[in-house]
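Chemist: One structure coming up, written as structure tokens, with questions to follow.
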Amino acid sequence: MNGRMKRWDIWTLITTVIFLGYLLFLALPLFTLLFQSFIDGTTGQFSLAYFEKFFSRKYYTNAIWNSIKVTVCVTLLSVIIAGPLAYIMSTVKIKGAATIRILILISSMSAPFIGAYAWILLLGRSGVVTNAMKDWFGITMPEIYGFTGILLVLTLQLSPLIFMYVSGALNNVDNSLMEAAESMNCTGIRRMWKILMPLLTPTLLAGGLLVFMRAFADFGTPMLIGEGFRTVPVLIFTEFIGEVGGDDGFAAAISVIVVIFATSVFLLQKYISNKKSYSMSALNPIVPKEKKGFANIAAHAYVYLFTLLAMLPQLYVAYTSFKKTSGKIFVDGYSLDSYRSAFSKVGDSIFNTFFLAIVTIVIIVFASVLIAYATVKRKGTVANVLDTFTMMPYIVPGSILGIALLVTFNKQPMVLSGTAAILIIAFVIRRLPYTIRSSAAVLHQVSDSVEEASISLGASTMRTFFKVTVPMMLSGVVAGAILSWITIITELSTSIILYTGKTRTMTVAVYTEVVRGNYGVAAALSTLLTVITVISLLLFFKLSGKKEITM
Amino acid sequence: MSVNITFNNIVKKYGDTTVIPELSLEIQKGEFFTLLGPSGCGKTTLLRMVAGFNSIEGGTLEFNGRVMNQVAPNKRNIGMVFQNYAIFPHMSVSGNVAFGLQTRKVNKQEIAQRVEEILKVVQIEAYKDRMPKNLSGGQQQRVALARAIVIRPDVLLMDEPLSNLDAKLRIEMREAIKQIQREVGITTVYVTHDQEEAMAVSDRIAVMKSGVIQHLGTPREIYRRPSNLFVATFIGRTNILDARMTLVDGAASIDFGNGYSETIPGLKTNSANPNVKLSVRPEEFKISNDGTGIPGVMRSSSFLGMHTHLLVELTNGQQVEVISEGDDDVKLGDQVRLKIDPRKVNVYDETGEHNFTSGVGV
């Protein structure tokens, strides 16, 4: 039939072009990485030497072990802390609940390494809290560097994700399920365990996976606060960029091991959660109730304490950004010196961040509208493969994607290393999924017959797409684009590998200033970053009309 | 411009499965034609072939003799009303109605005028600036209808347009649809699984099963003389009885095997197999006063005002529905005898495929 043929042409062309883009900028780099890990750098022969080297030295295997330790502990702790938090917020009336939800969200949206650096300022060797405890009470605070610090920072940073996931799921649990259980004499802890937990398990698994992947891939936190405690991303970075002359092949080998590990975790999670998924939608959602006495106080204390701890790093960083500095040291009194020197020293990084992020977002918006449409409405083999491709950034850590792009595009015929293009490509690939997912979610709600109505009224396929389909997708696209935007401006692990003097971003600038001990400038830049994030988030709430975010 | 629609040996296949095998049909200009059948009978598939959303694997589809098989859906000049209305959620009522005119490049002034007119016809002119989410189901239905007919389509297609409305609104809307269709006089193809709705609106009905038209006729013909047992049971309520056909004085009559027999006027005879099946609608039974008829026991009786609904258990254990107009003085457990109305009942062969009765009964 004619109509079908026409659709076939246009959409096949579009999906093929996007598909080729993914092949070139995702599949090829990852394949190159795989190839390099098996080829000896000097002889060019097939060799397993890199893998032998990795597994034969404790120095390297320890990093894997450390990463697993950190990731598992962070994931469990996040669930243990944020699960009850979400439950309390859904069942108990908390004063200022709406504000608290936004604060928790903001805390999760900042770059994790800013948290690390703030906690060093607070609890580090000469941190304010450490000094105060020593001066006033003579108490020596435990070391924050190493495993403890990473655990603290990442748990506070990532548990909001679990909170958001569980809150969302609790919203979908019908209160009559709770009442039905109660009418059958199943109450309290027993009810929570028998009814609520099984219903929340898929959500906990999904949220847990996200936390796991984030914690596993995080580079800035262990780099700043880990000191001797080396995790895999740190190892990859130092092997690749290391002062002693980076070893591409070896870094590639580690990357391959990491990707294999991450993929297995991802598949395992998929397998388990597929067996335990329910579709729920609540007619009578659970409504927070006013509690009395101790329970009420305990609930408030828990919620407020968590919010305070989660917000503390950013608040403290913002505070220090207004302190007077003398050289690198904070002195008494307040001033805007840090901002002034931030603008004069690293002002270009602010421009770079905006430039890169805006170009990226424009590409993301176009690509995700097309990809979402192709994968939802024009199902086919190519569209299915495309769907799988867009999932890849969940599995491949940012630093590994950075390395993969760099080793692939640092030689003819396509030299991209050192350009803004390579950063944009990396950002697009990594942050596209947010916009695709929220666009696709809206599209799933749109019945095919709306498009058919337009066609039967005489509109062509393209006119239907632009006049009917795209306007209906718009809310999802905008919401997703803001999420992508926030995660682009706060991204570090890819940019730290791909940046050059000309393409330094704000997060990279903050990181390098922290490493150099220039805390004032770092604080000013981070505060600026937080302000942009908060404004973007508020815009997100305003435009999407939502009160929460699913990632 | 209304057209007549011709289906010439139309075939629909999904992969190797044939959904509609060689169907032929002629829909007259200006006719209100209904495709009726249980879900999965192929009625929506057929409608979507007319719309151009389903491909045609064999035969030809013609509008006024012009073959439409290869014409793209947006070039067919069709108005379509969808089951879920498919209102564009981001456009106002008048925006929705104007959409088809805009794609036809009608000038602004005329668009405004025609939109105004049609909104009056469907009686929603008061809501023209509302967004769809602020409309009730019935109002959305009217917008969908206005949007479909404002473009002056050659054919109006409606796919179960009333199934999402509540019972009362459904009756109100079907009257409105019928009236508007008569007013504008567009050839209309209507799909429904609701036989009462089909009877109420249609000029002619095609009853479908498994992609094959079982009976094509006016509502009255289909109800009175269903061409086979499937149609008889699908349209309205009926009781199926086993009986034997005999010849009494050269006229075919039906023998119920207990001394009761009834001569059926105009019954075609079947010498090969005397076993027949009878379709007797509840109102075609009568409680006999003269001691003859099919014997049974009263099992339940519900007084519904206009008539009384009875369940009678026959001697073979079969329960039949009887609608009694009068105030028959029978109680639960009473022995009763039932007679049939010989002019109205339908007699089929043993397979239920062939109707021996002729003429549309009174």
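Chemist: When the helix-only estimate is applied to chain A (DSSP H runs of n ≥ 4, each -39,500 (n - 2.57), divided by the residue count), what is the mean residue ellipticity at 222 nm, nearest 500 deg cm²/dmol?
Modeler: Values: 25 runs with 402 residues, N = 551.
Theoretical 222 nm ellipticity from helices: -24000 deg cm²/dmol.
Chemist: Using only alpha carbon positions, build the gyration tensor of the range A:180-275, then give the equivalent ellipsoid semi-axes as the square roots of 5 times its eigenvalues, largest first, whole angstrom. Could you put the intermediate results ahead of the total?
Modeler: Values: eigenvalues 359, 49, 8 Å².
Ellipsoid half-lengths, sorted descending, are 42, 16, 7 Å.
Chemist: So, counting K/R as plus one and D/E as minus one, what does the shell of residues with Cβ under 12 Å around B:GLU175 add up to? Spell out each step's value before the answer.
Modeler: Details: positive: B:LYS168, B:ARG170, B:ARG174, B:LYS178, B:ARG182; negative: B:GLU172, B:GLU197.
Neighbour charge sum, excluding B:GLU175 itself: +3.
Chemist: Still on this structure, please answer the following. Which number do you get for Rg(Cα) / (2.2 N^0.38 Å) in the protein assembly as shown? Don't jump to the answer; show the numbers that get you there.
Modeler: Details: Rg = 37.3 Å, N = 913, 2.2 N^0.38 = 29.3 Å.
Normalised by 2.2 N^0.38 Å, the Cα Rg of the protein assembly as shown equals 1.27.
Chemist: Ignoring ligands, DNA and RNA and using a 1.4 Å probe, state the total buried accessible area between B and A in Å², rounded to the nearest 100. Write out the running numbers ahead of the final one.
Modeler: Working: alone 17130 and 25600 Å², together 40620 Å².
Chains B and A together bury roughly 2100 Å² of accessible area.
Chemist: Per residue of the range A:108-113, what does 6.51 cos²θ - 1.76 cosθ + 1.60 with θ = phi - 60° give for ³J(HN,Hα)? Whole Hz please, x for Gly and Pro, Karplus curve as stated.
Modeler: With the stated coefficients, the range A:108-113 comes to 7, 8, 7, 5, x, 5 Hz.
Chemist: Calculate what fraction, in whole %, of the accessible area of the protein assembly as shown sits on carbon and sulfur atoms when a 1.4 Å probe is rolled over the protein chains. Could the numbers behind the result be given before it?
Modeler: Values: 24120 of 40620 Å².
Exposed carbon and sulfur together represent 59 percent of the surface.
Chemist: Could I ask something else about it? So what is the 222 nm mean residue ellipticity for chain B from helices alone, if each DSSP H run of at least 4 adds -39500 (n - 2.57) and you divide by all residues, rounding to the nearest 500 deg cm²/dmol?
Modeler: Details: 8 runs with 84 residues, N = 362.
That calculation yields -7000 deg cm²/dmol at 222 nm.
Chemist: Another question about this same structure. Taking the Cα centroid of the range A:68-105 and of the range B:283-362, what is the distance between the two, rounded to the nearest whole Å?
Modeler: Between the Cα centres of the range A:68-105 and the range B:283-362 lies a distance of 70 Å.
Chemist: Can you check how the C-alpha radius of gyration of the range B:231-349 compares to 2.2 N^0.38 Å, as a plain ratio?
Modeler: On the way: Rg = 14.4 Å, N = 119, 2.2 N^0.38 = 13.5 Å.
Dividing the Cα radius of gyration by 2.2 N^0.38 Å gives 1.06.
Chemist: Expressed as a fraction of 2.2 N^0.38 Å, the rule-of-thumb size for a compact globular protein of N residues, what is the C-alpha radius of gyration of chain B? Present the calculation step by step, with values, prior to reporting the outcome.
Modeler: On the way: Rg = 24.7 Å, N = 362, 2.2 N^0.38 = 20.6 Å.
My calculation over the Cα atoms of chain B gives 1.20.
Chemist: Sticking with this structure for a sec: Identify, among B:VAL201, B:ALA51, A:PHE219, the residue whose Cα sits farthest towards the positive end of the charge dipole of the protein assembly as shown, taking +1 on the Cβ of Lys and Arg and -1 on the Cβ of Asp and Glu, with the dipole about the Cα centre.
Modeler: A:PHE219
Chemist: Considering only DSSP states other than H, G, I, E and B, which trypsin sites (Lys or Arg not before Pro) in the range A:87-173 qualify as loop sites with at most 16 other Cβ atoms within 10 Å?
Modeler: Values: sites: A:LYS93, A:LYS95, A:ARG101, A:ARG125, A:LYS134; in loops: A:LYS93, A:LYS95, A:ARG125.
When the trypsin sites (Lys or Arg not before Pro) of the range A:87-173 are filtered for loop state and at most 16 Cβ neighbours within 10 Å, A:LYS93, A:LYS95, A:ARG125 remain.
Chemist: Please give, to one decimal in nm, the separation of the simple spin-label points placed at A:MET391 and A:PHE55, each 7 Å out from Cα toward the Cβ.
Modeler: According to this spin-label approximation, the distance is 2.7 nm.
Chemist: Let me ask something else. Counting only heavy atoms of the protein chains, get the accessible area per residue of the range A:303-370 (1.4 Å probe) and round it to a whole Å² value. Kindly include the intermediate steps, with their values, before the conclusion.
Modeler: On the way: 3520 Å² over 68 residues.
Per-residue accessible area for the range A:303-370 comes out at 52 Å².
Chemist: What accessible area per residue comes out for the range A:464-551, rounded to a whole number of Å², with a 1.4 Å probe? Let's see the in-between values first.
Modeler: Values: 2980 Å² over 88 residues.
Result: 34 Å² per residue.
Chemist: Output wanted: per-residue J couplings in Hz (rounded whole) for the range B:78-85, from phi through Karplus 6.51 cos²θ - 1.76 cosθ + 1.60, θ = phi - 60°, x for Gly and Pro.
Modeler: 10, x, 10, 10, 9, 4, 9, 6
Chemist: Within chain A, which is the longest segment that contains none of the GluC sites (Glu not before Pro) sitting in a DSSP loop with at most 11 other Cβ atoms within 10 Å? List each step's numbers first, then the result.
Modeler: Working: sites that count: A:GLU243, A:GLU290.
Between exposed loop sites, the widest span is A:291-551.
Chemist: Along its principal axes, what span do the Cα atoms of the range A:459-551 show, with the longest given first and each in whole Å?
Modeler: The Cα atoms of the range A:459-551 stretch 61, 30, 19 Å along the principal axes, largest first.
Chemist: Nearest 5 percent is fine: what portion of the DSSP beta bridges confined to the range B:5-230 is antiparallel? Please list the in-between numbers first.
Modeler: Numbers: 19 of 37 bridges.
If we restrict to bridges inside the range B:5-230, about 50 percent are antiparallel.
Chemist: Sticking with this structure for a sec: In whole Å and largest first, what semi-axes does the C-alpha gyration tensor of the range B:171-300 yield when each eigenvalue is scaled by 5 and square-rooted? Walk me through the intermediate numbers first.
Modeler: On the way: eigenvalues 263, 66, 33 Å².
In descending order the semi-axes read 36, 18, 13 Å.
Chemist: So if each residue of separation counts as 0.36 nm, and I subtract the Cα-Cα distance between B:THR233 and B:ARG204, what length gain in nm does that give? Before the final figure, lay out each step's value.
Modeler: Working: separation 29, 0.36 × 29 = 10.44 nm, distance 1.85 nm.
My answer for the length gained is 8.6 nm.
Chemist: Within 15 Å, Cβ to Cβ, of B:VAL122, how many net charges do the neighbouring residues add up to if Lys/Arg are +1 and Asp/Glu are -1?
Modeler: +4
Chemist: So how do B:MET245, A:MET184, A:MET223 rank on accessible area, 1.4 Å probe, biggest first, that is with the largest at the start? Walk me through the numbers on the way to the answer.
Modeler: Details: B:MET245 20, A:MET184 145, A:MET223 55 Å².
Correct descending sequence by accessible area is A:MET184, A:MET223, B:MET245.
Chemist: Let me confirm one metric for peptide B:89-101, namely the mean number of other chain beta-carbon atoms within 10 Å of its residues' beta-carbons. Intermediate values should be presented prior to the final figure.
Modeler: On the way: counts 6, 7, 3, 0, 0, 0, 0, 2, 1, 0, 7, 6, 2.
Counting other chains' Cβ atoms within 10 Å and averaging over B:89-101 gives 3.
Chemist: Checking buried surface per residue: for the range B:46-72, which residues lose a minimum of 50 Å² accessible area in the protein assembly relative to the chain alone (1.4 Å probe)?
Modeler: B:PHE53, B:GLN70
Chemist: Sort A:ASP40, A:ASP387 by accessible area with a 1.4 Å probe, largest first.
Modeler: Numbers: A:ASP40 40, A:ASP387 75 Å².
Largest accessible area first, the residues go A:ASP387, A:ASP40.
Chemist: Between 0 and 90 degrees, rounded to the nearest ten: what's the tilt of helix B:93-103 against the longest Cα principal axis of chain B?
Modeler: Its long axis makes an angle of about 70 degrees.
Chemist: So, one more: Evaluate the charge dipole of the protein assembly as shown about its Cα centre and quote only its size in Debye, nearest 20, assuming +1 on the Cβ of each Lys and Arg and -1 on the Cβ of each Asp and Glu.
Modeler: On the way: 84 positive and 66 negative charges, 540 e Å.
Magnitude of the dipole: close to 2600 debye.
Chemist: Could you pull out the GluC sites (Glu not before Pro) across the range B:160-200 that fall in loop regions by DSSP (anything but H, G, I, E, B) with no more than 14 other Cβ atoms inside 10 Å? Numbers along the way, then the final one.
Modeler: Values: sites: B:GLU172, B:GLU175, B:GLU183, B:GLU196, B:GLU197; in loops: none.
Sparse-neighbourhood loop GluC sites (Glu not before Pro): none present.
Chemist: To continue, here is another question. Over the range B:231-349, give the accessible area per residue in Å² for a 1.4 Å probe, as an integer. Each step should come with its number before you reach the end.
Modeler: On the way: 6060 Å² over 119 residues.
That works out to 51 Å² per residue.
Chemist: Projected onto the charge dipole of the protein assembly as shown (+1 at Lys/Arg Cβ, -1 at Asp/Glu Cβ, origin at the Cα centre), which of B:PHE285, B:LEU145, A:ASN284 gives the Cα projection farthest towards the positive end?
Modeler: A:ASN284
Chemist: Using a 1.4 Å probe and ignoring any ligands, DNA or RNA, find the accessible area of B:GLU325 and quote it in Å² to the nearest 10.
Modeler: Surface accessible to solvent at B:GLU325 totals approximately 140 Å².
The values are calculated or read from the model by the stated rules, or taken from the named source; none is laboratory data. Please read these numbers as outputs of a predicted model, since none were measured by experiment. Glycine also receives a Cβ, built like all others from the backbone with ideal geometry; neighbour counts cover every protein chain displayed. For accessibility, only protein heavy atoms count, side chains too; no ligands or nucleic acids. Shrake-Rupley method; radii C 1.70, N 1.55, O 1.52, S 1.80 Å.
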